[in-house]
Number of protein chains: 4
Amino acid sequence: MVDPDKATDARVVGKELAKRGAVVVCGGLGGVMEAASRGAKEAGGTTIGILPGTEKTDANPAIDYKIVTGMGHARNVIIVQSADVVIALPGGPGTLSEVALSLKMGKRVIGLGAWEDISGVIGAKTPEEAVQIALDSIS
Amino acid sequence: MVDPDKATDARVVGKELAKRGAVVVCGGLGGVMEAASRGAKEAGGTTIGILPGTEKTDANPAIDYKIVTGMGHARNVIIVQSADVVIALPGGPGTLSEVALSLKMGKRVIGLGAWEDISGVIGAKTPEEAVQIALDSIS
Amino acid sequence: MVDPDKATDARVVGKELAKRGAVVVCGGLGGVMEAASRGAKEAGGTTIGILPGTEKTDANPAIDYKIVTGMGHARNVIIVQSADVVIALPGGPGTLSEVALSLKMGKRVIGLGAWEDISGVIGAKTPEEAVQIALDSIS
Amino acid sequence: MVDPDKATDARVVGKELAKRGAVVVCGGLGGVMEAASRGAKEAGGTTIGILPGTEKTDANPAIDYKIVTGMGHARNVIIVQSADVVIALPGGPGTLSEVALSLKMGKRVIGLGAWEDISGVIGAKTPEEAVQIALDSIS
């Protein structure tokens, strides 16, 4: 189960990104990924899910385009590499690996209430602020 | 330089797929990939490019969504695995690897004027026929 | 079940490679891969298995070094890319994908009683001849 | 340039691992990776380099077996997945991604003078202690 506050934050991030015309790329599965995707769809946005497994049906229902990698954790590399800018919500080591890979690739990473102690991550206090910083950084 | 006949075929394949509501997934670069993508866009369709390199700018201008794998030839696996059905045009060993991977994954492969000698590939004589067979097989 | 003649050929290929000091790199699983690995070990050679799954225990007992990719079919790319020269035995579409990827990467491919109809593949009639051609090409 | 103290630590880690019969798997390039590999070879050990690029010649001279992935950062996943236990030295975001991936995969991670603040990482004060903890955890 994903924490309700975190799910709400993810949903607002997705919605705000979509409102401003950004495409939401994520891991395509449930939890925070699904919340962000649902938010984006509520605002009429577009979502891409980079799936770790070999089945399209693994994707959550709010994913428009399903990229089926069959590459397990290596799909995290593709998520980050396909992104213009990365917003990280609180999470476990999988999310941490994406934050680290983003920094390694020189991508801007915004940590929403998380990861600010990692050198290079830009902290944001609200989903709206996270999206603002993210989109400002690539415009 | 891509052969003009092949480019025309690719463009018609892209166009027919888009007309019937299919998303075109390809390797995202030039030549046949670009021709198919352009065809799809001419018919108002959607295109996804699974790129081998690490730069979004490697994509041809007719790609809507750029998946940046940074995984070289391994991106062929992702193209095939993300497809519901595969249409292969005449090509070199890169295309042959995709045909083989499709068969290995149990995906239907339609060879447009090519690859029909490989067991499991379904031959088609025209782009329209290729698209017809492809979409019939997944409906 | 792997065909007994093919298993014998694979075993002799492995043995001859090992006798001449070559390291055997393969997919690490059963069948032809295991036969080649066993042959190499019988001659005191070294074997590397590039595994598709996430478990070391997937490897056959004749593998010395287990590379656990968790990348499914994409591990075929790594097998070929790590090889100096490729010897292909009769097989299905998985093997064909490796033959094609080898050609795409410009690696020499020797087909032992198979694949000679593919442009660029060098045919060999016996395991000994295949190994001879392979090692001559990289010396 | 790699920090001399860190290089010395890496070399001792490699040497101690080799003395106790462990194979050293690393990224195969220079700096800390080369120092650890050299240490292992000084003690008569075996080294495997999982390379990000497409050329065997990218490997440092102390690598015995070169796995050529051509998959860029995704090779970090393979390094970790192929390891029984992970020892992390001080480093940048690339190393952090490996630490995170290890934790995600449920592998034991020993941080040598680094990463102990990450939940799940076991701190070690000396190279010898790091190797001791590592090998105890898999025996």
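The values are calculated or read from the model by the stated rules, or taken from the named source; none is laboratory data. Keep in mind that this is a model prediction, so the values were computed, not measured. All Cβ positions, glycine included, derive from the backbone under ideal geometry; neighbour counts span all protein chains shown.
Could you count how many residues in the range C:52-65 are buried (at least 24 other Cβ atoms within 10 Å of the Cβ) and facing another protein chain (nearest Cβ under 9 Å)?
Within the range C:52-65, the first condition is being buried (at least 24 other Cβ atoms within 10 Å of the Cβ), and the residues that meet it are C:59, C:63.
Subsequent filtering for residues that are facing another protein chain (nearest Cβ under 9 Å) retains none.
Residues that pass the stated criteria total 0.
Can you give me the number of residues within the range A:14-32 that are surrounded by fewer than 18 Cβ atoms within 10 Å (Cβ to Cβ) and basic (K, R)?
2
Would you say A:L17 is closer than 21 Å to B:K66 by Cβ, within 14 Å of chain C (Cβ to nearest Cβ) and under 15 Å from the mean Cα position of the chain (by Cα)? So that I can check it myself, show each step before the final result.
Values: closer than 21 Å to B:K66 by Cβ: yes; within 14 Å of chain C (Cβ to nearest Cβ): no; under 15 Å from the mean Cα position of the chain (by Cα): yes.
Criteria not met by A:L17.
Restricting attention to the range C:80-87, does a residue exist that is over 18 Å from C:K15 (Cα atoms), under 15 Å from the mean Cα position of the chain (by Cα), at pLDDT 95 or above and surrounded by 24 or more Cβ atoms within 10 Å (Cβ to Cβ)? Let's see the steps before the verdict.
To start, the set of residues in the range C:80-87 that are over 18 Å from C:K15 (Cα atoms) comprises C:80-82.
Checking the rest, the ones that are also under 15 Å from the mean Cα position of the chain (by Cα) come to C:80-82.
Narrowing the set further to residues that are at pLDDT 95 or above leaves C:80-82.
Next, only the ones that are surrounded by 24 or more Cβ atoms within 10 Å (Cβ to Cβ) stay: C:80-81.
Yes: one or more hits.
Quick check, is A:G120 facing chain D (nearest Cβ under 8 Å) and either surrounded by fewer than 24 Cβ atoms within 10 Å (Cβ to Cβ) or aromatic (F, W, Y) (or both)?
Details: facing chain D (nearest Cβ under 8 Å): yes; either surrounded by fewer than 24 Cβ atoms within 10 Å (Cβ to Cβ) or aromatic (F, W, Y) (or both): yes.
Here the answer is yes, as A:G120 does meet what is asked.
Residue check, A:G113 against (1) surrounded by fewer than 23 Cβ atoms within 10 Å (Cβ to Cβ); (2) modelled with pLDDT of 95 or more, all met but one. Which one?
Every condition holds for A:G113 apart from (2).
So which residues in the range D:77-101 are of a type outside the set (A, V, I, L, M), under 22 Å from C:V80 (Cα atoms) and facing chain A (nearest Cβ under 8 Å)?
So the first thing to find is which residues in the range D:77-101 are of a type outside the set (A, V, I, L, M), and the list is D:81-82, D:84, D:90-95, D:97-98.
From what is left, the residues that are under 22 Å from C:V80 (Cα atoms) are D:81-82.
Within the range D:77-101, just D:Q81 meets the criteria.
Considering every residue within the range C:33-42, establish whether at least one is farther than 17 Å from C:K66 by Cα, of a type in the set (A, V, I, L, M, F, W, C), at pLDDT 95 or above and touching a helix residue (DSSP H, G or I) at 6+ places or on another chain (Cβ under 8 Å).
Scanning the range C:33-42 turns up no residue that is farther than 17 Å from C:K66 by Cα, of a type in the set (A, V, I, L, M, F, W, C), at pLDDT 95 or above and touching a helix residue (DSSP H, G or I) at 6+ places or on another chain (Cβ under 8 Å).
Can you list the helices (runs of 4 or more DSSP H) found entirely within the range C:1-108 that contain at least 2 residues being β-branched (V, I, T) and under 27 Å from B:L96 (Cα atoms)? Before you say what the answer is, go through the steps one by one.
Working: elements: C:4-19, C:32-42, C:75-82, C:93-104.
Those helices (runs of 4 or more DSSP H) span C:75-82, C:93-104.
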